[in-house]
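Data block below; observations after.
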Amino acid sequence: MRNDKTFSFVITVALLALQAGLIPAHAADWPRFRGPNGSGVADTSALPDSIGPTNNVIWKTSLPPGHSSPVLSGDRIFLTAFEGDKLFTIALDRKTGKILWRKEAPRDRHEKMFEQNSPSSPTPVADGRNVYVFFGDFGLLSYDFEGKERWKIRLGPFDSIYGMGVSPILAGDNVILVIDQSHNSFAAAYSQADGKQVWKTPRPEALSGPATPILYRPRSGGMQILAPGSFRLDAYDAATGKIVWWVEGLASEMKSVPVLDGDTIYTNGYSSPFNDPGKHVEIPPFPEMLAKYDANKNGTLEESEMPAGPMKQFFSFEDLDNDGKVTDKEWTIFQATMAAENGLFALRAGGSGDMTSKALIWKYQRSIPQLPSPLLYRGVLYMINDGGILTTVDPATGKPLKQGRLRGAVDKYFSSPVAADGKVFFVGNSGVVTILKAGADQEILSVNELDDQCFATPAIADGRIYIRTRGTLYCFGL
């Protein structure tokens with residue numbers, strides 16, 4: 001039996017997306033990272049409860065590598081990829097998996113990135129007529145559905161210790177990007193029509209983190225962009241970029257997509273094991289550090305001068321400008337980073353100005369994911385961390401319902417869970433696919449392997465689930 005609350009949630013998300021210009025009036029699109037408004041939930045039926053390399057495969061198509069997730073819009077599938085030094089946007093026929101076109105983007109530079117990232121990690125966004133893509137090594141581009149370039153705009157260079165991973169979203173007539181980096185973080189809107197910048201708002205507290213934002217429409221007023229970042233979540237007026245309200249107290253690194261249920265936001269953030277409750281390490285004041293460890297007396301701290309332990313271990317995170325020296329200002333940021341707490345947060349959306357004292361509903365702090373986003377489906381909140389520990393949580397209270405490793409699916413997890421048809425899908429880094437029966441008990445329906453690495457999050461629509469591995473895009477169905 002369909003859960004009324006979940007059905008109402010899915011319909012509300014779809015309506016919000018339609019009002020914002022996210023998707024056309026097509027009931028079976030998955031137009032952005034994690035689907036309608038980043039929820040990870042599709043309203044469809046007849047999905048298989050077991051999938052594998054030869055099991056319930058409708059079609060499969062070989063692709064160049066890339067971490068971006070497939071998006072579905074009209075009769076098209078879009079994703080990005082790279083081959084050597086070349087960056088590509090690729091369009092496939094949704095029915096057959098045939099590659100319809102691929103367009104090369106300029107590549108002006110090769111930015112540093114985390115070894116588990118890729119130059120094509122950001123996921124495209126589409127509106128039924130055009131597709132918009134972001135590459136950290138170039139900027140934003142837009143194509144029509146036939147592959148004709150509409151516009152391109154150079155952005156950057158960027159300065160993130162991880163490399164770019166945030167995906168663009170659409171709000172009204174604009175493409176929204178939230179760029180969190182070591183310096184000069186910002187949120188910005190670019191016209192869908194010509195790519196020109198509409199507004200740009202600094203995010204002075206935000207450090208590197210690829211959290212893709214979502215949309216929120218309060219009971220009164222215009223559409224807002226909810227963007228979690230270091231230490232706080234900001235709500236921007238989608239039309240102007242003005243900060244409407246904010247909540248402080250989040251983790252210092254926010255990488256996952258928040259989930260919205262009515263006026264409640266669920267978001268998780270994880271920085272390091274030292275940010276778990278009871279694991280914090282005291283970071284001395286900068287003058288004390290200089291007195292003890294500044295051997296060359298130049299008024300800064302260098303890696304060779306750091307004592308063994310977290311202060312030396314995290315030097316690359318302390319040295320924000322990569323000049324080999326940590327200043328007083330950088331040390332203050334590091335102190336705040338180490339003092340922040342990992343957690344899954346339930347926040348009350350809305351208001352004006354600083355809502356920190358009013359917004360927090362609850363906080364849960366065990367086995368928090370670094371990358372996978374939370375999933376709310378049929379009255380249960382799902383959270384799988386990078387090591388494969390799955391926690392099901394009561395969304396009303398934050399109390400854990402069950403916690404443990406997925407049986408038969410011990411793996412690393414970068415992909416976020418998705419759900420539809422009473423099933424929840426998890427894809428591990430080695431390609432192991434676990435399907436659960438929806439519910440707090442974590443009842444496993446099947447575990448199968450795709451025999452290839454997977455970083456991308458699946459897409460679901462029309463009784464089909466699309467999973468991208470390192471070299472293949474699969475379409476599964478009955």
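The values are calculated or read from the model by the stated rules, or taken from the named source; none is laboratory data. Quick caveat, the model's predicted, so the values are computed rather than measured. Note that we place each Cβ from the backbone using ideal geometry, even for glycine, and neighbour counts take in every protein chain shown.
Which of the following residues is surrounded by 15 or more Cβ atoms within 10 Å (Cβ to Cβ), of a type outside the set (F, W, Y) and farther than 23 Å from I368 by Cβ: E341, E330, E318, E303? Break it down stepwise before answering.
On the way: E341 fails: farther than 23 Å from I368 by Cβ; E318 fails: farther than 23 Å from I368 by Cβ; E303 fails: surrounded by 15 or more Cβ atoms within 10 Å (Cβ to Cβ).
Going through E341, E330, E318, E303 in turn, the sole match is E330.
Of (1) out of contact with any Pro (no Cβ under 9 Å at 6 or more places or on another chain); (2) over 19 Å from T123 (Cα atoms); (3) hydrophobic (A, V, I, L, M, F, W, C), L478 satisfies all except one. Which?
(1)
What about Q442, is it more than 18 Å from the chain's Cα centre (by Cα), buried (at least 16 other Cβ atoms within 10 Å of the Cβ) and not aliphatic (A, V, I, L, M)?
Values: more than 18 Å from the chain's Cα centre (by Cα): yes; buried (at least 16 other Cβ atoms within 10 Å of the Cβ): yes; not aliphatic (A, V, I, L, M): yes.
Yes, satisfied.
Evaluate the following for D411: is it touching a Pro at 6+ places or on another chain (Cβ under 9 Å) and modelled with pLDDT under 95?
On the way: touching a Pro at 6+ places or on another chain (Cβ under 9 Å): no; modelled with pLDDT under 95: yes.
Here the answer is no, as D411 does not meet what is asked.
If you check S367, S352, S373, S357, which single one turns out to be over 18 Å from L250 (Cα atoms) and of a type in the set (S, T, Y)?
On the way: S367 fails: over 18 Å from L250 (Cα atoms); S373 fails: over 18 Å from L250 (Cα atoms); S357 fails: over 18 Å from L250 (Cα atoms).
After ruling out the rest, the residue left standing is S352.
Of everything in the range 60-93 that's among the charged types (D, E, K, R) and in contact (Cβ under 8 Å) with a residue 24 or more places away in the chain, which residue is nearest to K152 (Cα to Cα)? Steps first, answer last, please.
If we filter the range 60-93 for residues that are among the charged types (D, E, K, R), which is where we start, we get 60, 75-76, 83, 85-86, 93.
Adding the requirement that they be in contact (Cβ under 8 Å) with a residue 24 or more places away in the chain leaves 60, 76, 85.
On the way: K60: 31, R76: 21, D85: 19 Å.
Ranking the qualifying residues of the range 60-93, first place goes to D85.
Hey, does the range 362-371 have a residue that's assigned by TED's automatic domain parsing to the domain that holds K412, part of a strand (DSSP E or B) and touching a residue at least 40 places away in the same chain (Cβ under 8 Å)? Give the derivation first.
Start the filter on the range 362-371 by keeping residues that are assigned by TED's automatic domain parsing to the domain that holds K412, which leaves 362-371.
Of the ones still in play, those that are also part of a strand (DSSP E or B) are 362-364.
Subset that is touching a residue at least 40 places away in the same chain (Cβ under 8 Å): none.
The answer is no, given that none of the residues of the range 362-371 is assigned by TED's automatic domain parsing to the domain that holds K412, part of a strand (DSSP E or B) and touching a residue at least 40 places away in the same chain (Cβ under 8 Å).
Out of everything in the range 168-212 that is of a type in the set (D, E, K, R) and assigned to a loop (DSSP other than H, G, I, E, B), what residue ends up being farthest from A126 (Cα to Cα)? Reasoning before the result, please.
Keep residues of the range 168-212 that are of a type in the set (D, E, K, R), which gives 173, 180, 194, 196, 200, 203, 205.
Then keep just the ones that are assigned to a loop (DSSP other than H, G, I, E, B); that gives 173, 180, 194, 196, 203, 205.
Values: D173: 12, D180: 23, D194: 15, K196: 18, R203: 26, E205: 30 Å.
If we take residues in the range 168-212 being of a type in the set (D, E, K, R) and assigned to a loop (DSSP other than H, G, I, E, B), then E205 is farthest from A126 (Cα to Cα).
Looking at (1) surrounded by 24 or more Cβ atoms within 10 Å (Cβ to Cβ); (2) under 20 Å from P372 (Cα atoms), can you tell me which one F231 breaks?
(1)
Listed residues N448, N429, N385; which is in the same structural domain as A251 (by TED's automatic domain parsing) and over 21 Å from the mean Cα position of the chain (by Cα)? Explain how you work it out, then say what you get.
Details: N429 fails: over 21 Å from the mean Cα position of the chain (by Cα); N385 fails: over 21 Å from the mean Cα position of the chain (by Cα).
When all the criteria are applied, what remains is N448.
Sort out which residues of the range 127-149 are among the aromatic types (F, W, Y) and surrounded by 20 or more Cβ atoms within 10 Å (Cβ to Cβ), and write them in order of number. First the steps, then the outcome.
Of the range 127-149, the ones among the aromatic types (F, W, Y) are 132, 134-135, 138, 143, 145.
Listed by number, the residues that qualify are Y132, F134, F135, F138, Y143.
Among the residues in the range 153-164, are any assigned to a strand (DSSP E or B) and polar (S, T, N, Q)?
First pass over the range 153-164, keeping only residues assigned to a strand (DSSP E or B): 153-154.
If we keep only those that are polar (S, T, N, Q) too, we end up with none.
Looking through the range 153-164, none of the residues is assigned to a strand (DSSP E or B) and polar (S, T, N, Q).
In the range 323-351, how many are free of Cβ contacts under 8 Å to residues at least 60 places away in the same chain, farther than 17 Å from S272 by Cβ and out of contact with any helix residue (DSSP H, G or I) (no Cβ under 8 Å at 6 or more places or on another chain)?
Residues flagged as free of Cβ contacts under 8 Å to residues at least 60 places away in the same chain, farther than 17 Å from S272 by Cβ and out of contact with any helix residue (DSSP H, G or I) (no Cβ under 8 Å at 6 or more places or on another chain) within the range 323-351 amount to 4.
How many of the residues making up the range 404-426 are touching a residue at least 40 places away in the same chain (Cβ under 8 Å), surrounded by fewer than 21 Cβ atoms within 10 Å (Cβ to Cβ) and assigned to a strand (DSSP E or B)?
Looking only at that region, the number is 1.
In the range 77-97, which residues are surrounded by fewer than 18 Cβ atoms within 10 Å (Cβ to Cβ) and not acidic (D, E)?
Filtering the range 77-97 for residues surrounded by fewer than 18 Cβ atoms within 10 Å (Cβ to Cβ) gives 83-86, 93, 95-96.
The answer is G84, K86, K95, T96.
All but one of (1) of a type in the set (F, W, Y); (2) out of contact with any strand residue (DSSP E or B) (no Cβ under 8 Å at 6 or more places or on another chain); (3) over 22 Å from E449 (Cα atoms) hold for Y377, so report the exception by its number.
All conditions pass for Y377, except number (2).
Go through the range 372-403 and count every residue that is outside any loop (DSSP other than H, G, I, E, B) and in contact (Cβ under 8 Å) with a residue 24 or more places away in the chain. Before the answer, list the steps.
Kept after step one, since they are outside any loop (DSSP other than H, G, I, E, B), are these residues of the range 372-403: 375-377, 380-384, 389-393, 400-403.
If we keep only those that are in contact (Cβ under 8 Å) with a residue 24 or more places away in the chain as well, we get 375-377, 380-384, 390-393, 400-403.
The total comes to 16.
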